[in-house]
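Reading through the structure tokens given below for one structure.
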Amino acid sequence: MKIVHATSEFYPYVKTGGLADAVASLTGTLAESGHEVSVFLPGYRAVLEHKDAAQAERKLRLKIEMGDQFLSGDVRVFSPRKNLKIYLVCREEFFDRRNPYGNGERDYEDNADRFIFFCKGVVETLRLADLSADVVHSHDWQGALLPLLLRDAERRHNVTLAVKTVFTIHNIAYQGLFPRSTFARTNLPEDLNNMDGLEYYEQTNLLKGGILFADRVTTVSPQYAREIQTPEFGNGLDGVVQTREHDIIGLLNGVDMAVWNPAVDALLPARYSAANLAGKQLCRVELLKRCGFAVNFKGPIFGMVCRFAEQKGLDHLLANQDFFLTQDCRLVVLGAGEKRLEVELGSLAAKAPHKIVLSAAHDEAMSHLIEAGSDFFLMPSLFEPCGLNQMYSQVYGTIPVVSRVGGLIDTVSDADERPTIGTGLMGEPTAEGLRDALERALRLFADAPRMAAVQRRGMAKDFGWKTAAAGYEQLYRESL
Ligand code: ADP
Ligand code: GLC
């Protein structure tokens, strides 16, 4: 099949979270199975500076209609592997910046224009480069207008650009909600500027466009597919999602075993597998060293790596600070994002620097070391569409301590509740739920044979992308 993806992140070129990993491994797996895959990505500075993009060729010039203006840009293309082409939709004014979405304090003010331009650039390239596709698959609010813009361009130019459009919701909390005046920048017919279209309480909601108008809608776990149809997790769009209840499917992400695999992980000081865990011990010592902790510490190490956003349950972690201050354990947190959380976690670490460390950065190598060197990995998320780190943890023999929400429910089972199959510990998504799971973690750690059994079961699970990609392939093939 000819498969086109449009995404705002793609590992290893640009990443703020799991979207980058998920799209890169899905498209890589599809390319490996022989499909002809094209991935569109904004031409961010980080991507253009990556060595793979050095051989990028200028494919075409763009003149994109945005309201009553025309904005220019160009499209560059390179191929990092067989069957995979990366198309960069470039316009310096929009994408030659340090970060993809904002300056850390707040989002860029022109984000609506940036990503409407991106989606229109994709459509124009499909049209002008004659790239007619079997499937055009876009992701999250940044790609949400693509199905609509594509069908609109087909009507205007009387051409077929895609047989089928697919839209994936990786996180319904981010909706691309902008002032009503944004609608004019889409140049879509005015009859979409109402509550059956993009309008949402007097604003323009881009995510809503993807949910309503893609031929098929997916999200990243079966549990989250159900959750987003409820007021508790729908972030105000549960009613909109319900209108697609027959067209929405939850397909679980997987683990890219070329990147996240302790047997081959080049970012670790030592490699290991379930058959020989000696390397995990070396990773532990290196982690203790890197954190400035005593390297002969024998108790449990708790690790956490995440975007600093409310979603990740860092407030519940902070509410349990007495646990980390009083118990004989270590805590290492790596992350970046909301300043408030950085400051509060920083002051927690300052209270006990010999046992708690905060690394406020985006650090790929450190994220691998934490997965490998910790005993427990914390994900007390308030909601979690899929979550990748709880899967990485199991692969790395590190026991996930997670809350009972979303994809965490689909990928972890509790070792106390299900003694013969459990691979982690689960609590309610509250401070008390986390406390209960943390206390059970200490008991599990004190029981070495049981701890080893839980760890081995996690390492034996197959989270490879093959299964996940097969789900998408089937969806692409199903007739509409
Ligand atoms: P989300 O997409 O909601 O952020 P996921 O669990 O799906 O959550 O994916 C998070 C990804 O981002 C993982 O690969 C994780 O290791 C990575 N990550 C998050 N924060 C950092 C950081 N500060 N440094 C390096 N990697 C990070
Ligand atoms: C989102 C979600 C996360 C998911 C990732 C990749 O960022 O927050 O749960 O794993 O997308 O699909």
- Query: Checking residue 284 against (1) among the charged types (D, E, K, R); (2) in the same structural domain as residue 191 (by TED's automatic domain parsing); (3) in contact (Cβ under 8 Å) with a residue 24 or more places away in the chain, which single condition isn't satisfied?
  - Reply: (2)
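Take segment 337-358 and flag every residue that is more than 15 Å from residue 301 (Cα to Cα) and surrounded by 15 or more Cβ atoms within 10 Å (Cβ to Cβ). Write out each step before concluding.
As a first pass, look at segment 337-358 and keep what is more than 15 Å from residue 301 (Cα to Cα): 337-348, 350-351.
Matches in segment 337-358: 337, 338, 341, 342, 344, 345, 348.
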- Item | Residues of segment 250-268 satisfying the condition of being surrounded by fewer than 16 Cβ atoms within 10 Å (Cβ to Cβ) and at pLDDT 95 or above | 263, 264, 266, 267
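In this structure, does residue 182 turn out to be out of contact with any Lys or Arg (no Cβ under 8 Å at 6 or more places or on another chain) and assigned to a strand (DSSP E or B)? Break it down stepwise before answering.
Numbers: out of contact with any Lys or Arg (no Cβ under 8 Å at 6 or more places or on another chain): yes; assigned to a strand (DSSP E or B): no.
Taking the combined requirement at face value, the residue does not satisfy it.
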- Of (1) away from ligand 2 (no atom under 14 Å from the Cβ); (2) surrounded by 19 or more Cβ atoms within 10 Å (Cβ to Cβ); (3) under 27 Å from residue 3 (Cβ atoms), residue 142 satisfies every one except (1)
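Got at least one residue in segment 216-230 being in a loop (DSSP other than H, G, I, E, B) and out of contact with any helix residue (DSSP H, G or I) (no Cβ under 7 Å at 6 or more places or on another chain)?
Step one: of segment 216-230, the residues in a loop (DSSP other than H, G, I, E, B) are 220-221, 228-230.
After this cut, where a residue has to be out of contact with any helix residue (DSSP H, G or I) (no Cβ under 7 Å at 6 or more places or on another chain) as well, the list is none.
No - not one qualifying residue is present in segment 216-230.
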- Note on the structure: For segment 413-430, the count of residues that are open to solvent by 20 Å² or more (accessible area, probe 1.4 Å) and not hydroxyl-bearing (Ser, Thr, Tyr) equals 7
- Query: Do any residues in segment 33-52 that are farther than 25 Å from residue 113 by Cβ have Cβ atoms under 6 Å from those of residues that are part of a helix (DSSP H, G or I), where the two are at least six apart or on different chains, and which pairs are they?
  - Reply: 37/27; 37/30; 37/31
- Message: So for segment 185-201 (the condition being of a type in the set (A, V, I, L, M, F, W, C), open to solvent by less than 40 Å² (accessible area, probe 1.4 Å), in a loop (DSSP other than H, G, I, E, B) and under 26 Å from residue 63 (Cβ atoms)), does at least one residue qualify?
- Response: yes
- The correct count of residues that are under 18 Å from the mean Cα position of the chain (by Cα) and open to solvent by 20 Å² or more (accessible area, probe 1.4 Å) in segment 219-234 is 3
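Tell me the residue from 271, 307 that is open to solvent by 50 Å² or more (accessible area, probe 1.4 Å), outside the structural domain of residue 15 (by TED's automatic domain parsing) and under 20 Å from the mean Cα position of the chain (by Cα), please. Talk me through it step by step, then tell me what you get.
Values: 271 fails: under 20 Å from the mean Cα position of the chain (by Cα).
Being open to solvent by 50 Å² or more (accessible area, probe 1.4 Å), outside the structural domain of residue 15 (by TED's automatic domain parsing) and under 20 Å from the mean Cα position of the chain (by Cα) holds for just one of 271, 307, which is 307.
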- Item | Single residue of segment 388-408 satisfying the filter (under 27 Å from residue 288 (Cβ atoms) and open to solvent by 10 Å² or more (accessible area, probe 1.4 Å)) that is farthest from ligand 1 (Cβ to nearest atom) | 395
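Is it true that some residue in segment 204-218 is open to solvent by 50 Å² or more (accessible area, probe 1.4 Å), in contact (Cβ under 8 Å) with a residue 40 or more places away in the chain and over 20 Å from the mean Cα position of the chain (by Cα)? Full working, then the answer.
First, pick out the residues of segment 204-218 that are open to solvent by 50 Å² or more (accessible area, probe 1.4 Å): 213.
Then drop every residue that is not in contact (Cβ under 8 Å) with a residue 40 or more places away in the chain, which leaves 213.
Remaining after also requiring over 20 Å from the mean Cα position of the chain (by Cα): 213.
Taking every residue of segment 204-218 in turn, at least one turns out to be open to solvent by 50 Å² or more (accessible area, probe 1.4 Å), in contact (Cβ under 8 Å) with a residue 40 or more places away in the chain and over 20 Å from the mean Cα position of the chain (by Cα).
Is it the case that segment 12-23 has a residue that's of a type outside the set (A, V, I, L, M), in a strand (DSSP E or B), open to solvent by less than 40 Å² (accessible area, probe 1.4 Å) and in contact (Cβ under 8 Å) with a residue 60 or more places away in the chain?
From segment 12-23, those of a type outside the set (A, V, I, L, M) are 12-13, 15-18, 21; that's our starting set.
Going one step further and asking which of them are in a strand (DSSP E or B), we end up with none.
Checked against the condition, which is being of a type outside the set (A, V, I, L, M), in a strand (DSSP E or B), open to solvent by less than 40 Å² (accessible area, probe 1.4 Å) and in contact (Cβ under 8 Å) with a residue 60 or more places away in the chain, segment 12-23 yields no hits at all.
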- Task: Report, ordered by the first and then the second residue, all pairs with beta carbons closer than 9 Å, sequence separation of six or more or different chains, a first member in segment 325-340 that is modelled with pLDDT of 95 or more, and a second member that is part of a loop (DSSP other than H, G, I, E, B) and of a type in the set (S, T, N, Q).
- Result: 330/374; 332/374
- Item | Near pairs, Cβ below 6 angstrom, 6+ apart or cross-chain, from segment 230-246 (more than 16 Å from residue 197 (Cβ to Cβ)) to any residue that is surrounded by 15 or more Cβ atoms within 10 Å (Cβ to Cβ) and among the aromatic types (Phe, Trp, Tyr) | 233/383
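Identify all residues within segment 44-72 that are of a type outside the set (S, T, N, Q) and under 20 Å from residue 184 (Cα atoms); write none if there are none.
Of segment 44-72, the ones of a type outside the set (S, T, N, Q) are 44-54, 56-68, 70-71.
Residues satisfying the conditions are 62, 63, 64, 65, 66, 67, 68, 70, 71.
Out of the helices (runs of 4 or more DSSP H) lying entirely within segment 385-480, which hold 1 or more residues that are within 26 Å of residue 235 (Cβ to Cβ) and in the same structural domain as residue 17 (by TED's automatic domain parsing)? Before you say what the answer is, go through the steps one by one.
On the way: elements: 389-395, 406-411, 431-446, 448-460, 465-477.
The qualifying helices (runs of 4 or more DSSP H) are 465-477.
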- Of the numbered conditions (1) at pLDDT below 95; (2) in contact with a Ser or Thr (Cβ under 8 Å, 6 or more places away or on another chain), residue 145 satisfies every one except a single condition; which is it? (1)
- Query: Restricting the first residue to segment 56-70 and requiring it to be outside the structural domain of residue 184 (by TED's automatic domain parsing), which pairs with a second residue that is in a strand (DSSP E or B) and open to solvent by less than 100 Å² (accessible area, probe 1.4 Å) meet a Cβ separation below 6 Å and a spacing of at least six or different chains?
  - Reply: none
- Query: In segment 235-245, which residues are open to solvent by 30 Å² or more (accessible area, probe 1.4 Å), more than 16 Å from ligand 1 (Cβ to nearest atom) and in a loop (DSSP other than H, G, I, E, B)?
  - Reply: 236, 243, 245
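The values are calculated or read from the model by the stated rules, or taken from the named source; none is laboratory data. These numbers were taken from a predicted model, which means no experiment stands behind them. When we count neighbours, we look across all protein chains shown, and the Cβ atoms used for this are built from the backbone with ideal geometry, even at glycine. Surface areas here come from the heavy atoms of the whole protein model, side chains and all, with no ligands, DNA or RNA. Shrake-Rupley method; radii C 1.70, N 1.55, O 1.52, S 1.80 Å.
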